[in-house]
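To keep things clear, I will list the structure first and then write my remarks on it.
Nothing in this text is a laboratory measurement; each read-out follows from the coordinates by a stated rule. Owing to the predicted nature of the structure, the values given are computational and were not obtained by experimental measurement. Here the Cβ is made from the backbone with ideal geometry for all residues, glycine too, and neighbour counts use every protein chain on show.
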Amino acid sequence: MAPFSYALQLAGADTGDKRNSFDIPYWTPDNPINDYSRIVARTNVYGGGLMIYKSRSFVRLQDVSCSYSLPNTITQRFGINNMELYYSGHNLLTFSKWPGWDPESLNSPMYKSHTLGVRITL
């Protein structure tokens, strides 16, 4: 598991919120940074734990579709009235500074799909 994923988890029933297993650079008096705040004491059964902020701003190329119809001069040679090639893609690119998998779904990857096809009319 990557350090940023571990740092983004909420405190659980174990002591995971009180240890630094992945050497995450938390704030300390000797290391006064703002990337990861200090580990806080658990205040109730749900928690304390890690209190960090990361921007979830993003830009996504989400849906792309394109098609190309072959000219009739080519298709009629083969007894075809129309032939179309097409492509469709979903969640192709995401631009973000979010340290995890995806800023919209947090720590789970967003699926990508690609569809290629041929439509033929005889």
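Computed from point charges on the beta carbon alone (+1 for Lys and Arg, -1 for Asp and Glu), the dipole magnitude for region 58-121 about its Cα centre is near 140 Debye. Look at the alpha carbon pairs under 8 Å that are at least 6 residues apart: their mean separation over the length of region 56-105 gives a relative contact order of 53 percent.
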